[in-house]
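Shown next, in structure tokens, is the structure this report addresses.
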Amino acid sequence: RLQKLTENMIRSEGNVSYIFIVDSYGDVLAHTFQGGFPVALMKANSVSASDAFKIQLLDADRSGFIYDIAVPVRLDESMLGQVRVGIETTSMYRSLNSLHLLMFTITIGFVLLAVLLAFYLSRVVTGPLSQLVKGIETIKKGDFSSKIHIESQDEIGILVATFNEMADRLNLLMAEVSSLAKYREREKIALDFHDGYAQDLASLLKRIELSEIVIEAG
């Protein structure tokens with residue numbers, strides 16, 4: 001059963017190089033080596049009953065490096081044996097590189113999403129506000145005929161509609177003020193004509209009457 005268990009595990013895990021199980025006497029109960037068990041590997045890593053596990057980096061020549069993991073098998077406080085698992089660093093590094101590539105791709109995706117969101121907010125929020133500021137500057141210069149053309153149903157659209165309505169009212173008010181100013185100017189001209197020319201005409205009439213009296217008396 002132990003042999004079948006180790007063989008099933010080695011087939012299901014692609015990055016596991018070997019698995020073997022040793023009892024408390026140091027006898028190998030099961031292993032996954034095809035050409036026989038390498039005795040030197042037994043002394044490469046060992047674990048005691050007090051250890052949770054122990055990891056040793058081994059040089060496997062052409063296969064690269066292998067992490068040898070030793071895990072004790074305990075029953076109460078006594079040690080029944082240990083399980084040794086060898087994990088290839090190449091496949092592990094390949095998995096780490098794939099994970100790093102995935103994280104990098106996700107990060108780039110989030111950055112692009114943030115850029116698109118900033119561009120959208122600039123078009124939707126900053127653009128209308130910039131037009132609104134330009135409209136206010138135009139009104140400050142005395143041009144009340146300018147309007148902002150933004151079709152939106154949000155708060156900015158309501159603000160723009162209020163601004164356009166205010167500009168229309170100011171334009172109408174300035175037209176009324178201009179008309180009133182022209183009326184007052186005509187009224188002033190009429191009063192000046194009445195006061196000035198009427199007095200000159202009265203003075204002229206008095207002179208004519210005085211001249212007639214002088215002529216009659218002569």
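Of all the listed residues (PHE53, PHE65), the sole one being at pLDDT 90 or above, open to solvent by 50 Å² or more (accessible area, probe 1.4 Å) and under 54 Å from the mean Cα position of the chain (by Cα) is PHE53. Entry remark, the stretch 20-50: residues being in a loop (DSSP other than H, G, I, E, B), open to solvent by less than 80 Å² (accessible area, probe 1.4 Å) and without any contact (Cβ under 8 Å) to a residue 24 or more places away in the chain number 5 in total. Selection of the stretch 2-19 for residues being touching a Gly at 6+ places or on another chain (Cβ under 6 Å) and either polar (S, T, N, Q) or in a loop (DSSP other than H, G, I, E, B) (or both) yields only SER17. Restricting THR105, THR90 to those that are open to solvent by less than 90 Å² (accessible area, probe 1.4 Å), modelled with pLDDT of 85 or more and assigned to a helix (DSSP H, G or I) reduces the list to THR105.
Does LEU58 satisfy being under 17 Å from LEU2 (Cβ atoms) and of a type outside the set (D, E, K, R)? Lay out the reasoning, then the answer.
Details: under 17 Å from LEU2 (Cβ atoms): no; of a type outside the set (D, E, K, R): yes.
Answer is no for this residue.
How many residues does the stretch 51-76 contain that are part of a loop (DSSP other than H, G, I, E, B) and of a type in the set (Asp, Glu)?
Within the stretch 51-76, residues that are part of a loop (DSSP other than H, G, I, E, B) and of a type in the set (Asp, Glu) number 2.
The values are calculated or read from the model by the stated rules, or taken from the named source; none is laboratory data. Note that the structure is predicted; figures quoted are calculated from it, not measured. Glycine gets a Cβ as well: all are built from the backbone with ideal geometry, and neighbour counts include every protein chain shown. These accessible areas exclude ligands, DNA and RNA; they are computed on the full protein's heavy atoms, side chains included. Shrake-Rupley method; radii C 1.70, N 1.55, O 1.52, S 1.80 Å.
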